[in-house]
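Worksheet for the structure shown next.
The values are calculated or read from the model by the stated rules, or taken from the named source; none is laboratory data. Not measured: the values here are computed from a predicted model. Using ideal geometry, Cβ is built from the backbone for each residue, glycine included, and neighbour counts are taken over all protein chains shown.
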Amino acid sequence: MFNPILWMYETILKRGILNSPIPVNHVLLVLDETDLLSDEIGMEKLRHFIKWCQALKIDIISVYIGFIQDEMDKRLLEEAYSHLMQHITKALSKERASVTIYTDIESEPGTAKSINDVNNEGNTGKTISISIGLGGRSELTKAIKKITKKVKMGEIEPEEIDEKVIESELIFKSEPDLVIRSGATRLTDFLIWQSVYSEFYFTDVNWANFRKIDLLRAVRDFQWRERRFGR
């Protein structure tokens, strides 16, 4: 049902965000697998969330879907993964963006599977990264193994290892400006290196009830903050 007051409020928020000198280039959304597996509402909400972000001229959208793998047997884990992959691919198949899906599930331990460019036709330069269960500890472990291999091969000396070398081996290169956690206040280990200076926004609104106005409030809150970048 159309609410003129809510519409006016959304319009004012959006105008203020787009006119702000503080841009938001990269947003990370943190979800649980139950947010998307329970019903079609969650997946449809994800598609809308991406549209809302793009309307705010946010170029990079990352989504982390956490899986508690230790509490699921292999068969159920693979079924849940397969279900998510099918529905995410279907939901994002018409996005005019470069879509990549990463996962540690249903693969060899310690490896990531990526499906590049679900639809790259008419790409607008927007980037969407979906991570299913691939956390930051796993990503850092992979990076360290690659660097160790280079040291053994004589391609790099140990004293040459610095932040830039580590970052060059990470799967996810971009640092999120804003991390949004819906329906919970606990953190995740996703992008633990990249998000060290990110701003975090927690909302008690669960994912099924998340609205455009909740995203607008999160972005506005980010723009009002004084970022210190660890200082």
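In segment 33-54, which residue that is closer than 17 Å to residue 218 by Cβ and more than 13 Å from the chain's Cα centre (by Cα) is surrounded by the most Cβ atoms within 10 Å (Cβ to Cβ)? Steps first, please.
Kept after step one, since they are closer than 17 Å to residue 218 by Cβ, are these residues of segment 33-54: 35, 45-46, 48-54.
With the extra rule that they be more than 13 Å from the chain's Cα centre (by Cα), the set shrinks to 35, 45, 48, 51-52, 54.
Working: 35: 24, 45: 20, 48: 15, 51: 12, 52: 21, 54: 17.
Within segment 33-54, the match that is surrounded by the most Cβ atoms within 10 Å (Cβ to Cβ) is 35.
Taking segment 18-32 as the range and being in contact with a helix residue (DSSP H, G or I) (Cβ under 6 Å, 6 or more places away or on another chain) and either acidic (Asp, Glu) or surrounded by fewer than 21 Cβ atoms within 10 Å (Cβ to Cβ) (or both) as the test, the residues that pass are 20, 22. Does any residue in segment 93-106 that is within 16 Å of residue 138 (Cα to Cα) come within less than 8 Å, Cβ to Cβ, of a residue that is modelled with pLDDT under 75 and assigned to a loop (DSSP other than H, G, I, E, B) six or more places away or on a different chain, and which pairs are these? Pairs found: 101/118; 102/112; 103/112; 104/110; 104/111; 104/112; 105/67. For segment 195-231, the set of residues classified as without any contact (Cβ under 8 Å) to a residue 24 or more places away in the chain and either touching a helix residue (DSSP H, G or I) at 6+ places or on another chain (Cβ under 6 Å) or assigned to a strand (DSSP E or B) (or both) consists of 200, 201, 202, 203, 205, listed by residue number.
Filtering segment 66-108 down to residues that are among the polar types (S, T, N, Q), within 15 Å of residue 44 (Cβ to Cβ) and touching a strand residue (DSSP E or B) at 6+ places or on another chain (Cβ under 9 Å), which residue is modelled with the highest pLDDT? Looking at the filtered set, the residue picked out is 89.
The rows are residues; the columns are (1) of a type outside the set (Lys, Arg); (2) more than 19 Å from residue 197 (Cα to Cα); (3) loosely packed, with under 13 Cβ neighbours inside 10 Å; (4) modelled with pLDDT of 95 or more.
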position	(1), (2), (3), (4)
137	no, no, yes, no
140	yes, no, no, no
153	yes, yes, yes, no
163	yes, no, yes, no
167	yes, no, no, no
170	yes, no, no, no
173	no, no, yes, no
184	yes, yes, no, no
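From the list 171, 156, exactly one residue is touching a helix residue (DSSP H, G or I) at 6+ places or on another chain (Cβ under 8 Å) and in contact (Cβ under 8 Å) with a residue 24 or more places away in the chain. Which is it? It is 171.
On the basis of being more than 21 Å from residue 36 (Cβ to Cβ), free of Cβ contacts under 8 Å to residues at least 24 places away in the same chain and more than 22 Å from the chain's Cα centre (by Cα), does residue 162 make the cut?
yes
Looking only at residues that are of a type in the set (D, E, K, R) and over 23 Å from residue 14 (Cβ atoms) in segment 205-231, which one is modelled with the lowest pLDDT? It comes out as 231.
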